[in-house]
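Everything below concerns the one structure shown next.
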Amino acid sequence: MQLQVTLDTPRIDQCAELVEQIHEFVDIVEVGNPLIIESGLQLVQDLRNEFPQMGICADAKIVNSGHYIASRCFDRGASLVTVMGIAADQTIEGAVGAAELMGGAIMADLTGIADIATRARELEDLGVRYLCTHTGFEDRQLASNPLSDARPGIARALYSMLGYDNPLRELDLVHANTVGRALPAVVGRIDENNIDEVVLHNPALVLVGRAIVGAINPAQAAADLRHHFR
């Protein structure tokens, strides 16, 4: 089980100092999509230059031009690049092809997928390395507990009928419908209050943002979370 810290909220000029504090406790640093929008891929490159041994994820959320965009991310130092699982197979094949060519890997974000069981199998067959169940930012604002109440209102009822009512049950679906070539990951306001519940569902990769980034002592927060891992 590995820990990935998601950098979404810090100012760009604060990121290197933050990573310096936490790098011994995390496996991958993610340059979140908001920071990619703000900085292009410059922050990815800067972090790669400063932390050459660190896993770095570019959260590009690719939905088209898979090979081209993934290649640019890998060129700038990413070791892991995200695509949206709802993207066309050809887009994902292109991104995976770029990863294979450049020694990286692809993570598929499962947000918005109606049939996770089927799509997880398909994405694994396409060569995706990680399948990430994801409580989106807007859903997190509406949920009292984003890991067990992630889909509000009617949407929650409909998803619940199919077993897709929260990212931990979705993790179980990924486990049950893949054969180990693609590894399950999870993100969605994970912190000390729910990390033990997350660990019980055995993700290969746990993505944590504000519980580390917003902590008074980010290094201690990262170390404390990692202590719960098997």
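The values are calculated or read from the model by the stated rules, or taken from the named source; none is laboratory data. Given the structure is predicted, the values throughout are model-derived calculations rather than measurements. A quick note on method: Cβ atoms are made from the backbone with ideal geometry, for glycine too, and the neighbour counts reach across all protein chains shown.
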(Q) When you scan segment 11-25, do you find a residue that is surrounded by fewer than 23 Cβ atoms within 10 Å (Cβ to Cβ), modelled with pLDDT under 95 and within 26 Å of ARG119 (Cβ to Cβ), even just one? (A) no
Q) Where in segment 47-142 are the helices (runs of 4 or more DSSP H), entirely inside, with at least 1 residues that are under 26 Å from CYS15 (Cα atoms)? A) 66-75, 89-102, 137-142
Q.
Every residue in segment 88-123 that is of a type in the set (Asp, Glu) and under 18 Å from CYS57 (Cα atoms), please.
A. GLU100, ASP109
Q) Which numbered condition trips up ALA155, out of (1) farther than 28 Å from GLU20 by Cβ; (2) modelled with pLDDT of 70 or more? A) (2)
Q. In segment 178-210, how many residues are buried (at least 18 other Cβ atoms within 10 Å of the Cβ) and polar (S, T, N, Q)?
A. 1
Q: Could you check ALA215 against (1) aliphatic (A, V, I, L, M); (2) buried (at least 22 other Cβ atoms within 10 Å of the Cβ); (3) modelled with pLDDT of 95 or more and say which number it fails?
A: (2)
Q. Among all residue pairs at least 6 apart or on different chains, which show Cβ distances below 7 Å where the first residue, located in segment 4-20, is touching a residue at least 12 places away in the same chain (Cβ under 8 Å) and the second is among the polar types (S, T, N, Q) and assigned to a helix (DSSP H, G or I)?
A. ILE12/SER39
